[in-house]
Structures are given as structure tokens and as C-alpha cells.
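> Below you'll find the structure I mean.
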Amino acid sequence: MASFATSSTFTAIPATTATTTTTTKRLPNSPLFSTSHQRSKKIHRNFKVSCNIADNNEKRLESENLTLLERHNLDRRNLLLGLGAGGLYTTVNLPAALAAPITTPDISTCKASVDGFFNLKDRVRTNACCPPLPPPTVKSVKKHVLPKCEPVRLRPAAHRVTPEYLDKYQRAMAAMRALPDEDPHSFVQQAKIHCAYCNGGYFQEGYPNKELQVHNCWLFFPFHRWYLYFFERILGKLIDDPTFGLPYWNWDNPSGMSMPAFFEGKILDPNTRELNPAFDAFRNVEHLPPAILDIDFNNAASADFTCVQQIGSNLSLMYKQMITNSPNSATFFGGEYKAGDDPISLQNSKGPIESGVHTAAHIWVGNPRMPNNEDMGNFYSSGWDPLFYTHHANVDRMWKIWKDLKGPEYPDHTEPTDPDWLDASYVFYDENKELVRVYNKDCVQMENLHYEYEPSPLPWLKSRPIGRNKNSNVVPKSFGNVKKVEETKFPVKLDKIVKVLVKRPTINRSKEDKKKAYELLYVNDIKLDGEKFVKFDVFVNDVDDGTPCSPLDSEFAGSFSQLAHYHGNKMLMSSGVTFGLNELLDDIQAESDEYILVTLVPRTGCEDVTVGVIKVELVPSTASG
């Protein structure tokens, strides 16, 4: 493997890149792209095993340059916008009932923000995250065509990769790092993708004042699936290996909970001084192997855990996030986010994986000695760490596992069916350096993307927490000390522990009742500074006996956590979180309780956080009819 010690993408990143200077010169109404959905000359709707050419219907659609569904969306958008300046509606007052899918616009409109950055000697991280513009000969963005008749890429568990695989991975990453910064395939540009989509680089098509954000909502899983899909295919092309698959950090299995060993160490060979392309200087040195990932990072109760206790805590949290708190698509994927919505003021609940293990791993790896916990500890810089892609491969694997859980216990483990989720779209450079548009609906079936995950045991499936204080009858003990929700003045500030009694919609539900509806605890209208890492834990009927409750206990409902966005100024944003109560109340024998005691415990960054809504509701199961 050739050394890349002289590559500017690894040892020195110029403060001013080509992307920063060129993207600001292109006007938003550039003729290079159309302002509506971009379309290719070839239309592909569903992957087929056959290698035959498109059928007659597809040929007909090719001649019209758009699919029926695309025509429907375009017609709906034109109806809403009206005919010319005198139209009935404008892009700033679309009725909520007539929303449209989130759409990534012409990339030439990307905002090359320089609001904030740090420069540590010769290494730079900046908000100037816009991609390079294509050649002037490129007039449109193609619709991505799913691969046909190509090998399936196997994504291996990182902690047990073979020497042969590791050599391929290192060669591919070294080749990517050696590319010029302005190359769409360079590691610099791949890192900037996450920054652009997460830190205000793009505005929604049709809504020039509304940022496009892929976190804290139902776009989280599909966006990152597409992101890794192209990253993986680019790496494979760089080493001419169509079978190459990304490794995944197997943090849901005790054997893989430490940072994968091959990410550690700057030098691969002390004799040749060959650099390790998986190394990143901005990691928490206290969490290098053999340290075990703490999925409830920043909980004082787990700070002194032994290795065995930490593993047990992690497995219990995985069970809560994948099973207890993820009964349906609305809980697992997160709240709706449609065109015209302001991502900063969304009241939606985040999915438990995004708010839980995803964020915990980010902040656990990031370097607390850096100004903004760079690299992994901040959205704008996390793509600069190669471990980011391996971490998100396992996040993506959680989607696959959640969907594959079958049986009467999991009747609603399916993706959203709302057209505004299915038709949400993003723009990437593919492995051939062509700009392509991709849609959520085309990544739902993982086999159509031609990759799969090496199997690994799922011990967390048998790690359901145990109630610590069963049938504790906590409500009478709380009267006089704790107010009911209806008596509480909201919003409440989380600069200290908050306790409230919340009335349940019904009691004594049978097993059949619980199959028909999920009882959910909502903690919503959370106001926080988006520039800070924020985390607080939520407990149900936790009796204060002097012993801190831990994730090993059923009373621990879960956590809300938010990784920092770095816009360069204080950013007030809203969010929410949801917890499942069906199993929790069974475990603590509280099904007959009219009220539950909800306790919010601030862990970090909560000095100015407020909560506006705490409530319990029943949500019908779609499988029950």
C-alpha cells in the first residue's frame, strides 16, 4: 500500500478550498440545473432480478422524462405555488395538509458558511462544506438507477475482519485520502457531505428560508443509508473491487463494544513510516481500546461500572431502544418532517437509536479537549473521522434488524408509508462522479442496494431490564411533594431534577389491549441550545431510596441526547423524545396505577433546557386494524 504522508487531505488542509470560493460565485437560478425535481432520461422504479431492459411502460415514461409519481408531485407543487406571481399560495404559507417531501435543491445553491471553524496548526475544520460543482457540460442531475446483476457487498463486523480484508480497507481509504481536495471522491469532500446536510448548507427546494436537516426526524435512517452506500461504492471503485463492503462497529455485541483496533495508531509500519488511513487525531484518548463504549455516556450511575456491569448496561439499553421504545415506525424512525417545516422548531420526537446509542458513540469518541468535541463529537466535523462511517454502518444495521424482527410481538415493524417520506430526496456524487438524485423509497429494500451484513449474535434480545421496585405504589408517597402535570406550570427548566405525576389514559390493560395500542410517554417541546451537547435521563416510578437507578432497571425509561451542531452562534432549537410504557409498567407491576411518577434527571448541557410537554397517550397499532 502506497504511503500518503504528503497528502494534503490528511496532514494539511488549506484554510481556503476550491469549494469555498467557487460555490459562492454560482447564482441560485443558474441554468445549470432546473429548480424542480431533477430527472434523468432513464427511469427506474423497482429493482428486478432480471437483467432485461425496461418494459414498455418504463419506455413510455422515459419519453415523458418523468414518472407518474413525479408528475403527481410536480402538479401538486405547481397547484400550491399558483400560476405566476398572482398565485393563491406562496412557498412560505403552504397549508400543512398539502405538504410535499423534503427535497435537496440544486447544489449550486449550497451556502458556503464560514461562520465558525477552528485551525489547529495545519488542520482545519470549517462550515464551508459545499460540494464541488460539476463541469459546465452537465445540465441536470440524473435519477440514480439501482444496480443490477452485480455482486453483493458483504459488510463485516470490524472486530473480526481478516488480514486480507483489512489490507483492502486500508488501501481503499489511503487512495481516497490521496485524492486532491476538490475531487468529489476525496475524503475531504466525503466528510463535507455530512456537514452540508446537517449544518445548514442546504435549504429546502421551494423554501429558500428553511434549512434542510437530516437529523431529529424520520430522514435520519434513509439519508445515512444513502450516504454510506455511495461512500462504500467509491472506496470499492478506487481499488477496483466491486465486492468491497464497509466494516461495521458491532457495539451491540459484547465482543465488539470497544473501538475497533485498526482505527488506533497513526503509523502502520514504523520502518516505512506508512500512515494509518483509519487514524484520526481528534478522539478521546481515554476511550481507546480496550475501553468499552458506554451507551449511557455521562450518566453518573454508570461512571464506576465494572466491565461486566458496563456490558450489561449496554445490552439493556439496546433492548430498550430497539424493542421497548420502538414499537412502530413513528417511534423508531422519528417524527415527520416535510417541506416547509422549520427543522429548528420541530416539536417531533427523535427515534430512540438516534437519540440513544448513535449520539452516545459520537460523543464518547469525540475529543473533549477540542473546542467543540471534534471530530465525532460535533455534527459539522464528525465525517472527518473514518470511524464515523463504521459507526453509522451499525446504525444502518439496526434498521435492518428492527425490520426483520417478526412475530406477534412486532406487528408494526415497517417503514413509513407516507408519500412525503417515500419521496424525500437527496443529491450525491456517485462512484462515477456523476450527480444523482436518490429517494427514500429506493433504499427501503436493502437487497436492492446489493449489500448485506455479516451475521452477528444479538444478546440484547434477551436483556429485558428487571423492575427494581415492583408494585411500589409510588403515587401516594409522592402527594404533597410532587405536583400533577395539570398543576405544573410549563415550561419547566432542567437546571435541576424535575418530578411530575402524569395521568394515564386508562388502567388495567390486558395483553390483548396492549396488542391493540401502545401506551407512550411523550416529553416534548424541549427547548435547547443546539450548539451544545445535551443529555437528560427519564425514569418512571423510580423510588428515591438513595441508590441511583441504572439502565439495568426497568424504571429507567431512556434518555434524550442531542449532539451539537456548530453554526458559530447560539442556536435555540426544539425537539422531543418518546418512551414505550407497555413493557415498563408490566415489569414494575404498575398497570393498575392511575398516575405514574415521571422524573427527568439532567446529565449535561441542561442549564438552559426547558420542557414544555409531558404526557401519556395511547397510539393504536396499525396491525390491529
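The values are calculated or read from the model by the stated rules, or taken from the named source; none is laboratory data. Just so we're clear, the structure is a prediction, and the values are computed from it rather than from any experiment. Please note: Cβ atoms are built from the backbone with ideal geometry, for glycine as well, and neighbour counts cover all protein chains shown. In case anyone asks, the SASA skips ligands and DNA or RNA and just uses the protein heavy atoms, side chains included. Shrake-Rupley method; radii C 1.70, N 1.55, O 1.52, S 1.80 Å.
> For region 128-134, what does the Karplus curve 6.51 cos²θ - 1.76 cosθ + 1.60, with θ = phi - 60°, yield as ³J(HN,Hα) per residue in whole Hz, taken in order and with x for Gly and Pro?
Residue by residue, region 128-134 yields 7, 10, 6, x, x, 6, x Hz.
> Cβ under 10 Å from PRO242's Cβ, PRO242 left aside: what net charge do those residues give with Lys, Arg +1 and Asp, Glu -1?
-1
> I need the calculated FRET efficiency for the pair ARG273 and ASP342, taking r as the beta carbon distance and R₀ as 35 Å, to the nearest 0.05.
Using R0 = 35 Å, I get an efficiency of 0.10.
> Something else: Mind listing the long-range amide H neighbours of MET257? Cut-off is under 5 Å, sequence gap 5 or more, other chains count too, H placed in the peptide plane at 1.01 Å from N.
Answer set, sorted by chain and number: none.
> Express the relative contact order of region 478-589 as a whole percentage, based on alpha carbon pairs under 8 Å and six or more residues apart in sequence.
Over region 478-589, the number comes to 30 percent.
> How large is ³J(HN,Hα), in whole Hz, for each residue of region 432-445 in order, when computed from phi with the Karplus curve 6.51 cos²θ - 1.76 cosθ + 1.60 and θ = phi - 60°, using x for Gly and Pro?
After applying 6.51 cos²θ - 1.76 cosθ + 1.60, I find 9, 6, 9, 6, 10, 9, 10, 10, 3, 4, 8, 10, 5, 8 Hz.
> Under a point spin-label approximation (7 Å from Cα along Cα-to-Cβ), what is the VAL152-ASN432 distance to one decimal in nm?
2.5 nm
> Same structure again: Report the local net charge at SER561: Lys and Arg +1, Asp and Glu -1, summed over other residues whose C-beta lies under 13 Å from its C-beta.
Once all neighbours under 13 Å are counted, the net charge is 0.
> Relative contact order (percent) for region 506-558, with alpha-carbon contacts under 8 angstrom and 6 or more residues of separation?
Reported relative contact order: 27 percent.
> If each residue of separation counts as 0.36 nm, what is the full-extension length gain between ASP525 and THR243 once their alpha-carbon separation is subtracted?
That works out to 97.0 nm of additional length.
> If each of ALA291 and VAL485 carries a label point 7 Å out from its Cα toward its Cβ, how far apart are those two points in nm?
3.8 nm
> Nearest 20 debye, what's the magnitude of the dipole of region 488-611 about its Cα centre given +1 on Lys and Arg Cβ and -1 on Asp and Glu Cβ?
Here region 488-611 has a charge dipole of around 500 debye.
> Still on this structure, please answer the following. If all Cα-Cα distances of region 369-450 are sorted into 5 Å bins from 0 onward, what percent lands in each bin, rounded to whole numbers?
3, 11, 13, 18, 20, 16, 10, 6, 3, 0
> For the residue pair ASP495 and GLU182, what label-to-label distance in nm results when each label sits 7 Å from Cα along the Cα-to-beta-carbon direction?
Here the answer is 5.1 nm between the modelled labels.
> How much length is gained on full extension from GLU409 to GLN309, taking 0.36 nm per residue of separation minus their Cα-Cα distance?
Stretched out fully, the GLU409 to GLN309 stretch lengthens by 33.2 nm.
> Next question, about the same structure. List, in the order given, every pair from LYS470/LYS516; LYS210/LYS350; LYS400/LYS462 whose Cα-Cα distance in the structure shown is over 21 Å.
LYS470/LYS516
> Ignoring ligands, DNA and RNA, what accessible area per residue does region 104-246 give at 1.4 Å, in Å²?
Value returned for region 104-246: 32 Å² of accessible area per residue.
> For ASN471 and ASP544, what does the FRET efficiency come to when R0 = 30 Å and r is the distance between their Cβ atoms, rounded to the nearest 0.05?
Efficiency at R0 = 30 Å is approximately 0.95.
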